[in-house]
1. Please report, to two decimal places, log10 I(q)/I(0) for the stretch 10-152 at q = 0.12, 0.15, 0.17 Å⁻¹ as given by the Debye formula with identical point scatterers on the Cα atoms and no solvent.
2. Sticking with the crude label model, points 7 Å out along Cα→Cβ, report the distance from R108 to R163 in nm, one decimal please.
3. Whole angstrom only: what separates the Cα centroid of the stretch 123-149 from the Cα centroid of the stretch 30-50?
4. How high is the FRET efficiency from A215 to R35, r the C-beta distance, R0 41 Å, rounded to 0.05?
5. Out of the chymotrypsin sites (Phe, Trp or Tyr not before Pro) in the stretch 1-90, which ones are loop residues according to DSSP with at most 16 other C-beta atoms within 10 Å?
6. Pairs of alpha-carbon atoms within less than 8 angstrom and 6+ residues apart define the contacts here; what relative contact order does the chain have, in percent?
7. About its Cα centre, what dipole magnitude does the stretch 5-297 give when the only charges are +1 on Lys and Arg Cβ and -1 on Asp and Glu Cβ, stated in debye to the nearest 20?
8. So what is Rg over Rh here for the stretch 237-302, counting just Cα atoms and using Kirkwood for Rh?
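What follows is calculated from the coordinates using simple rules that are stated; it is not laboratory data. Remember, it's a predicted structure, so these values are computed and weren't measured experimentally. Note that each Cβ is placed from the backbone with ideal geometry, even for glycine, and that neighbours are counted across all protein chains shown.
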Amino acid sequence: MSGWYGFIGVPTDVGNVACGAAEGPAALRAIGLPRRMGMVDRGDVQGPAYDGTRDETGSRSVRETAAWCTAVRNAVAGVFADGGLPVMMGGDHAMALGSVAAAAEHARRQGKNFFVLWFDAHPDFNTPETSPSGNTHGYPAALACGIGHPALLRVGAFTPLLRPDRLVQFGIRDIDEGERANLRRSGIEFHEMPAVRERGLAALVAHTISRIQAAGGGHVHVSFDIDALDPSVAPGVGTPVPDGLTLEEAVESLRLLGQSGLVQSLDIVEYAATQDQGNRTAHVVEHLLAGLMAGRQGQTALVA
Ligand SMILES: [Mn+2]
């Protein structure tokens, strides 16, 4: 009933230069994760190395990001075509543009509404104009909504890939000034940590699931940035921000999402193996996946 899971390694950090996320997939294979979780290992996506240049917008590695995201899009589409649930294992979060593109195209072909739930310390809603760093891993949520660098908007077959009112973010606690204006202008629903603390992550996620079901259901893509978690839980990230999610509430939320039957694709990104304490964060990745899988196995028949 729950089908099979395709592990797609995306060993790059062109979107967050030299943060260590390029080593993530290999470190997960080293602990035997795809095999132990019963996943089908679809191998690594390939792409160009970062060549050190900024373009006229001040963005770094746009050409490389576009090439990687196009390859990710094809790999994710391949798992859909073969009837599996793609798990895009980053790599930096810029790569989500590729998986979101494939998921949006898949949802459209199936005549389904398309939603994205984004777990992250950062909204990743910068444009070249607002980004302090020019790193493309700060762009993908905005790009999914059709806002941002023209060369990156071309990765998907259409734009916007996602209606802004169908993006919900959780765990946010580090927003750039101009980025906040972008979020407000687009009307994105984002839950910052004080709200998560007050209402509880699982309750917020359950509310979002009900809202999606009330709107007729659809394809939910989950994009999980490891830095959503507290750095004490998941030290192996490139851009740690204190006061994050607990592992328990994140796993419970993924279990609820799995149980809803809505989730058809998943990213787990920004695992920077070089920053990890032993394999601590690799095992956190395993727990997150196990949460989703357990939920899907026990899923009720309420959702088509
Ligand atoms: Mn992110």
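1. -0.48, -0.75, -0.95
2. Here the answer is 1.5 nm between the modelled labels.
3. One Cα centre to the other: 27 Å.
4. Numbers: r = 38 Å, r/R0 = 0.92.
In this case the efficiency is close to 0.60.
5. Those satisfying the criteria are W4.
6. Relative contact order here is 21 percent.
7. 1040
8. 1.04
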